[in-house]
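The structure appears below as structure tokens.
The values are calculated or read from the model by the stated rules, or taken from the named source; none is laboratory data. Owing to the predicted nature of the structure, the values given are computational and were not obtained by experimental measurement. Cβ coordinates were reconstructed from backbone atoms using ideal geometry, including for glycine residues, and neighbour counts include every protein chain displayed. In case anyone asks, the SASA skips ligands and DNA or RNA and just uses the protein heavy atoms, side chains included. Shrake-Rupley method; radii C 1.70, N 1.55, O 1.52, S 1.80 Å.
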Amino acid sequence: MEKGGLSVTQAAAVARVIVAGERDACKSHGIYRIEGVLRTLKAGKVQGAAEPYVVPGAKPTIVRVNAAHGFSNPAFELGAPLLAERAKQIGIATLVINDCTHFAALWPEIEALTELGLAAMALCPNYSTVAPAGGTHPLLGTNPFAFGWPRPGRTPYVFDFATSMVARGEIELHRRAGKPLLLGWAIDGGGAPTTDPEAALAGALLPFGGHKGSAISTMIELLGGILIGDLTSNESLDHLGTTTLSPSHGELIIAFSPDAFSSGRDGDPFARAEALFEAIAGQGARLPSQRRFDARAKAESEGIALSSAEVELLNRLLDKGLDAVA
Ligand code: NDP
């Protein structure tokens with residue numbers, strides 16, 4: 001990434017998330033994404049040498065970091081310690097990231113906060129690829145939503161998902177494999193349900209959970225776009241003009257101190273949460289992120305295995321930098 005023109009600040013923060021994706025067997029956010037990072041840089045849609053900065057003058061519960069049109073990741077790394085400090089002092093605090101090119105999954109950010117003993121939520125828009133339930137064409141983004149609860153001495157409780165039925169990449173994978181989609185994943189250009197990947201790509205994805213997912217996704221547009229004075233998914237698509245590059249918008253992260261919120265009430269919140277998790281697992285259900293944590297334990301003992309094609313890709317990028325991407 002440095003060879004392609006990213007500063008150390010930008011490249012290192014993005015690389016940390018990519019390595020975490022590979023380590024946790026989240027290939028969709030692993031090294032294959034480096035090409036997308038470089039394509040976005042080559043298209044001039046992200047500032048490769050941007051230095052994020054804390055915007056002065058915000059209310060005590062709001063830490064506002066301007067990403068200076070660089071990637072979201074270094075902006076998060078700059079703001080997270082301040083966010084944690086304020087959440088511990090006040091009980092609740094928010095981190096607003098503005099003017100970023102958003103990159104990757106939200107769980108690395110959530111885990112950075114649960115490690116500090118905080119519960120946390122993160123959300124952001126994307127670009128319009130999802131129709132509202134009952135609608136006919138793309139308006140909402142795949143709008144990811146993540147939450148984490150700290151578990152002292154154990155891996156945290158974390159979920160992190162797109163609010164669309166499936167990721168757009170999943171439709172593309174079905175198209176390439178010549179496989180039909182499941183009904184309910186997407187609609188065609190006329191707004192009718194379809195199982196044809198080509199028709200779906202020309203139409204729109206659908207939110208998960210019908211009107212409920214549609215409302216949650218709309219909330220994310222409001223909180224992660226309009227509330228923080230940044231772009232909605234529709235505005236982000238207008239700004240970028242394509243869904244082939246990383247999107248530009250903002251992000252909202254909220255951190256809660258369980259100690260502060262439960263203060264003066266009976267019971268230790270961490271012990272009570274453990275009882276809840278045990279009751280879930282006791283029914284044979286798995287906790288979200290367990291697959292990731294199992295993959296992480298394996299990677300930590302055995303290393304991260306890359307295929308020869310992946311090593312070839314890394315070598316090509318290292319050799320040619322921006323010339324390696326279209
Ligand atoms: P998945 O549907 O794969 O997983 C969603 C969550 O549910 C994960 O925490 C997962 O844990 C958990 N989970 C899955 N199956 C089960 C199960 N059977 N029981 C309990 N928990 C389960 O995620 P998505 O495809 O919706 O999203 C993937 C990633 O893409 C996310 O990290 C999201 O942030 C990212 N994304 C980012 C966007 C952006 O703009 N930056 C846009 C859209 C998505 P586990 O991992 O352990 O399986």
Query raised in the report: Name the pairs whose Cβ atoms lie under 9 Å apart, with the first residue in the range 140-164 and within 12 Å of Thr114 (Cβ to Cβ) and open to solvent by less than 10 Å² (accessible area, probe 1.4 Å), the second of a type in the set (D, E, K, R) and near the ligand (Cβ under 8 Å from one of its atoms), and 6 or more positions between them or separate chains?
Result: Ala146/Asp160; Gly148/Asp160; Val158/Arg292
Query raised in the report: Filtering the range 159-170 down to residues that are more than 8 Å from the ligand (Cβ to nearest atom) and at pLDDT below 90, which residue is nearest to Gly224 (Cα to Cα)?
Result: Arg168
Query raised in the report: Out of all the residues in the range 272-293, is one or more within 13 Å of the ligand (Cβ to nearest atom), open to solvent by 70 Å² or more (accessible area, probe 1.4 Å) and closer than 29 Å to Pro125 by Cα?
Result: yes
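Filter the helices (runs of 4 or more DSSP H) completely within the range 202-276 down to those with at least 3 residues that are among the aliphatic types (A, V, I, L, M).
The helices (runs of 4 or more DSSP H) meeting that bar are 210-221.
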**Report entry** For Ala299: the one exception among (1) surrounded by 14 or more Cβ atoms within 10 Å (Cβ to Cβ); (2) of a type outside the set (Ser, Thr, Tyr); (3) within 14 Å of Thr101 (Cβ to Cβ)
**Finding:** (3)
Query - Complete set of residues in the range 49-72 that are open to solvent by less than 40 Å² (accessible area, probe 1.4 Å), among the hydrophobic types (A, V, I, L, M, F, W, C) and closer than 19 Å to Leu38 by Cα - result: Ala50, Ala67, Ala68, Phe71
Report task. List the number of the failed condition for Ala122; all other conditions in (1) within 16 Å of the ligand (Cβ to nearest atom); (2) in a loop (DSSP other than H, G, I, E, B) hold. Result -> (2)
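Quick grid of which residues meet (1) open to solvent by less than 70 Å² (accessible area, probe 1.4 Å); (2) more than 16 Å from the ligand (Cβ to nearest atom); (3) at pLDDT below 95:
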site: Ala133; (1), (2), (3): yes, yes, no
site: Arg175; (1), (2), (3): no, yes, yes
site: Ala186; (1), (2), (3): yes, no, no
site: Gly203; (1), (2), (3): yes, yes, no
Requested in this report: Please work out which one of (1) over 19 Å from Ile62 (Cα atoms); (2) without any contact (Cβ under 8 Å) to a residue 60 or more places away in the chain; (3) among the aliphatic types (A, V, I, L, M) is the condition Leu205 fails and give its number.
Outcome: (2)
Report task. Pairs only if they're at least six apart or on different chains, beta carbon under 9 angstrom, first in the range 274-288 and without any contact (Cβ under 8 Å) to a residue 60 or more places away in the chain, second among the hydrophobic types (A, V, I, L, M, F, W, C) and surrounded by 10 or more Cβ atoms within 10 Å (Cβ to Cβ); list them, first residue then second. Result -> Ile280/Leu287; Ala281/Leu287; Arg286/Ile280
Requested in this report: Looking only at the range 189-199, decide whether some residue is within 16 Å of the ligand (Cβ to nearest atom) and touching a strand residue (DSSP E or B) at 6+ places or on another chain (Cβ under 7 Å).
Outcome: no
Report summary line: (1) farther than 17 Å from Leu139 by Cα; (2) open to solvent by 50 Å² or more (accessible area, probe 1.4 Å) all hold for Lys212 apart from (1)
Report task. Any residue in the range 170-197 that's of a type in the set (Phe, Trp, Tyr): show its pairings with residues that are modelled with pLDDT of 95 or more and open to solvent by 30 Å² or more (accessible area, probe 1.4 Å) at Cβ separation under 7 Å, as long as the two are six or more apart or on different chains. Result -> Trp185/Met165; Trp185/Leu206
